[in-house]
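Written below as structure tokens is the structure these notes are about.
The values are calculated or read from the model by the stated rules, or taken from the named source; none is laboratory data. Computed from a predicted structure; not experimentally measured. For neighbour counting, all protein chains shown are included, and Cβ atoms are generated from backbone atoms with ideal geometry for every residue, glycine included. Ligands, DNA and RNA are stripped out before the accessible areas are found, and what is left, the full protein with its side chains, is counted by its heavy atoms. Shrake-Rupley method; radii C 1.70, N 1.55, O 1.52, S 1.80 Å.
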Amino acid sequence: MVKAIHLVRHGHHALLGKKLCGRMPGVDLDDCGREQMWRCAELMTPPPDAIQSSPQPRTRQSASLLAAQFDLPIEIVGAADEIDVGSWTGVGFADLARDPRWRTWNEQRGTARPPGGESMGELQRRIVRHIEALRDDPSDTIAIVSHAEPIRAALLYYLNRSLDDFLSVEVEPASISTLLVWPDRISIRDINRQVPA
């Protein structure tokens, strides 16, 4: 039987598109995000028999809404955590646009890194290592609730594309991207399936 791994981005929050939250504390889902995650469960086929979550509050809240519908516990997984953006954590995008390092980061994701933070390569290695280890997990379908950058990094790896192509992969809030785990490979079934507006 083929194992499925759903990579689920957390739902909407009030700072989305305004600040680079990273691992900033106190970022919670808003009403829109809670509604998105409630509806996200309806799109999850096959349904999960295990749910994992990044440690961040917005992902744990999103995972809790899924877990309530599937009557499952949540496992907190550090490998699914948001990228560490270092001193950019909590900075507004308008301010970041004036920082030349921000432009370099967005043009050279494969080699640049946020000041004091984690590179996309480091992020990709930790999330892919975790996904590959799930081959031995007894669950048939696993939902990993994470963030845009870890999900992008994983998808780019399985697409065999450069990290510099990160903008070519859309990962919207409450979207589902599904991997299929075969005995000899992992393939992508869906990218960025979204709840209806």
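Going by alpha carbons, how many degrees (0 to 90, nearest 10) lie between the helix axis of 31-43 and the longest principal axis of the chain?
The two axes meet at around 40 degrees.
List the residues whose amide H sits under 5 Å from the amide H of R23, counting only those 5 or more places along or on another chain, with H placed 1.01 Å from N in the peptide plane.
Those lying under 5 Å, H to H, from R23 are V85.
Would you please classify the overall shape of region 75-178 from the alpha carbon gyration tensor, given that a ≥ b ≥ c denote the square roots of the eigenvalues, rounded means a/c under 1.5, and beyond that prolate means a/b larger than b/c while oblate covers the rest?
prolate
Using amide H atoms built 1.01 Å from N in the peptide plane, name the residues 5+ places from Q56, or on other chains, whose amide H lies under 5 Å from its own.
E82
What is the extension gain from R98 to D136, computed as 0.36 nm multiplied by their sequence separation minus the C-alpha to C-alpha distance, in nm to one decimal?
Numbers: separation 38, 0.36 × 38 = 13.68 nm, distance 4.60 nm.
Length gained between R98 and D136: 9.1 nm.
Let's see if you can work this out: charge +1 on each Lys and Arg Cβ, -1 on each Asp and Glu Cβ, no other charges. What is the dipole magnitude of the chain about its Cα centre, in debye to the nearest 20?
Working: 23 positive and 27 negative charges, 92 e Å.
Around 440 debye, computed over the chain.
So what are the ³J(HN,Hα) numbers for region 133-141, from phi and the Karplus equation (6.51, -1.76, 1.60; θ = phi - 60°), rounded to whole Hz, Gly and Pro as x?
Each residue's phi maps through the Karplus curve to give 5, 6, 3, 8, 6, x, 5, 7, 9 Hz.
If one computes the Cα centroid of region 165-197 and of region 29-80, what distance in Å separates the two points?
16
When you count, for each residue, the other Cβ atoms within 10 Å and take the mean per peptide, how do 95-102, 23-30 rank with the highest first?
Working: 95-102: 12.6, 23-30: 16.0.
Listed from highest to lowest mean packing, they are 23-30, 95-102.
Separation between the L159 and E172 pseudo-spin-labels, each 7 Å from Cα along Cα→Cβ, expressed in nm?
Taking the two extended label points, one gets 1.6 nm.
Which value, in Å², gives the accessible area per residue of region 63-176 when a 1.4 Å probe is used on the protein heavy atoms?
Numbers: 5150 Å² over 114 residues.
That works out to 45 Å² for each residue.
Give me the compactness ratio for region 154-197, meaning the Cα radius of gyration over 2.2 N^0.38 Å. Please report the intermediate quantities before stating the final value.
Details: Rg = 11.6 Å, N = 44, 2.2 N^0.38 = 9.3 Å.
Expressed relative to 2.2 N^0.38 Å, the Cα Rg reads 1.25.
If you restrict to DSSP beta bridges whose two residues both lie in the chain, what percentage is antiparallel, to the nearest 5? Could the numbers behind the result be given before it?
On the way: 14 of 27 bridges.
Once the DSSP bridges in the chain are tallied, antiparallel ones form about 50 percent.
Karplus couplings for region 67-77 from phi (6.51 cos²θ - 1.76 cosθ + 1.60, θ = phi - 60°), rounded to Hz, Gly and Pro as x?
Working through the residues one at a time gives 4, 5, 6, 9, 6, 10, x, 10, 9, 7, 10 Hz.
Rounded to the nearest 10 degrees, what's the angle between the helix 148-158 long axis and the longest principal axis of the chain, both from Cα atoms, 0 to 90?
70
Read phi for every residue in region 12-20 and hand back ³J(HN,Hα) as whole Hz from Karplus 6.51 cos²θ - 1.76 cosθ + 1.60, θ = phi - 60°, with x for Gly and Pro.
3J(HN,Hα) across region 12-20, in whole Hz: 5, 9, 5, 8, 4, x, 10, 10, 7.
Once you order the gyration tensor axes a ≥ b ≥ c over the Cα atoms, which shape class does region 1-82 get: rounded for a/c under 1.5, otherwise prolate or oblate by comparing a/b with b/c?
Details: a/c = 2.05, a/b = 1.53, b/c = 1.34.
Prolate, since a/c reaches 1.5 and a/b exceeds b/c.
Quick one: dipole size for region 35-121, taken about the Cα centre, charges +1 on Lys/Arg Cβ and -1 on Asp/Glu Cβ, in debye to the nearest 20.
Working: 8 positive and 12 negative charges, 80 e Å.
Value, rounded to 20: 380 debye.
Below 8 Å between Cα atoms, with a sequence gap of 6+, how large is the relative contact order for the chain in percent?
Numbers: 404 pairs, mean separation 62.1, N = 197.
Relative contact order comes out at 31 percent.
Taking a ≥ b ≥ c as the square roots of the eigenvalues of the Cα gyration tensor of the chain, is the shape rounded (a/c under 1.5), prolate (a/b larger than b/c) or oblate?
Details: a/c = 1.89, a/b = 1.30, b/c = 1.46.
Verdict is oblate for the chain.
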